[in-house]
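What follows is a short report on a single structure.
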Amino acid sequence: MVDMKGTQLIHEYLRHNKKFPHVFCAGCGHGIVLGSLIRAIHGLGLSKDEVCVVAGIGCSGRLAAYVDFNTVHTTHGRALTFATGIKMAKPGMHVIVVMGDGDSMAIGGNHLIHAARRNIGVTALILNNNIYGMTGGQCSPTTPSGSFSMTTPMGQMEQSFDCVELCSAAKANYVARGTVFHVKKLDQMIMDGISNPGFGVVEILTPCHTQYGRKNKYRTPVDMYKMLKKDVIDIERYNKLSEAEKAKKTPSGVFVQKDEPGLEEKFYEMAANCQGGA
Ligand SMILES: Cc1ncc(C[n+]2csc(CCOP(=O)(O)OP(=O)(O)O)c2C)c(N)n1
Ligand code: SF4
């Protein structure tokens, strides 16, 4: 493997002649996820041809356009269906899906729970910025109750989804939550999600100051990163808190790790059996 670090490493994996300048606002966390994704793939020693990045529509969905792997920029909410087809046809391919919270848990919510139930060998990166960023800041299934958005100017009245609980209940093999502030841990979670068999989900808390932060209590993008530093703590520390203290914090880390075979493994084993194999 070529020994590269930092920006030089990131540039090695970008389609820098075609797709730039990028669309991300100053302070957006999505670019940090882009770096983590690249470091994770490089760290695993995968070749560009072994990786397929599939994305839906949204600011998060732009990531697929920037990276020099096999990529598919699909329709909003349907990235997991494309990814499922790719993984079933090419089980040796490392298929990584990039989705926003709206893409994955609103329009694509049904596909998310069934991808987890099927335990298809795909890694889903869910970039949760608590809002629909690209379309002007409508509330999403993760917009916290009481907070303000373009469509909840008096405060969000609905309950919000907890991505980790949702994917754990739907039986994904690997479920983790990281943040763009805790980047080294995030790199490792993405690597583990890719290496683990079956369906892997890494929920990534990533600030959108433009559409969420400035309508709520954050004066600058930096304040949002400070919030991640202060409020998001390791699950081990979180579990030791009182119920009152837990209400003010968000746990991060690995919540589920199983090694059940992925759907594609079971399918190819059955196909071999049907053809008189082992
Ligand atoms: C079928 C369909 N419905 C709606 C849209 C409009 N649309 C594009 S992106 C988006 C929301 C993006 O929000 P999210 O998935 O949270 O990603 P973010 O932009 O915040 O990264 C919507 C509603 C669309 N492109 N296609
Ligand atoms: S609108 Fe939000 S999610 Fe989209 S690029 Fe800007 S900061 Fe990022």
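The values are calculated or read from the model by the stated rules, or taken from the named source; none is laboratory data. On a predicted model such as this, the values are computed, not experimentally measured, just so you know. In this analysis, Cβ positions are derived from the backbone assuming ideal geometry, glycine residues included, and neighbour counts consider all displayed protein chains. Calculation scope for accessible area: heavy atoms of the full protein, side chains included, ligands and nucleic acids excluded. Shrake-Rupley method; radii C 1.70, N 1.55, O 1.52, S 1.80 Å.
Side notes on the structure shown:
- Each residue was assigned an accessible area with a 1.4 Å probe, and for HIS76 the value is about 70 Å².
- Surface share of carbon and sulfur [accessible, 1.4 angstrom probe, percent] for the chain: 56 percent
- The range 12-39-the range 181-251 distance, computed between alpha-carbon centres (Å): 20 Å
- DSSP-defined antiparallel bridges as percent of all bridges, the chain, nearest 5: 20 percent
- Entries in LYS48/LYS90; LYS215/LYS248; LYS217/LYS248; LYS48/LYS266 that, when Cα-Cα distance is taken, lie over 22 Å: LYS48/LYS266
- Computed over the chain, the per-residue total of -39500 (n - 2.57) for DSSP H runs of n ≥ 4 gives a 222 nm mean residue ellipticity of -10500 deg cm²/dmol, rounded to 500.
- Against the main long axis of the alpha-carbon atoms of the chain, helix 183-195 sits at an angle near 30°.
- Summarising the label geometry, the points placed 7 Å from Cα in the beta-carbon direction at LEU9 and SER242 lie 4.3 nm from one another.
- Hull volume in cubic angstrom per residue (convex hull over the Cα atoms of the chain): 136 Å³
- In the full protein context, the chain carries 48 Å² of accessible surface per residue, based on a 1.4 Å probe and ignoring ligands, DNA and RNA.
- Crossing angle, helix 221-231 versus the chain [Cα axis fit, 0-90 degrees, rounded to tens]: 80 degrees
- Degrees, to the nearest 10: 109-118 long Cα axis against longest axis of the chain: 40 degrees
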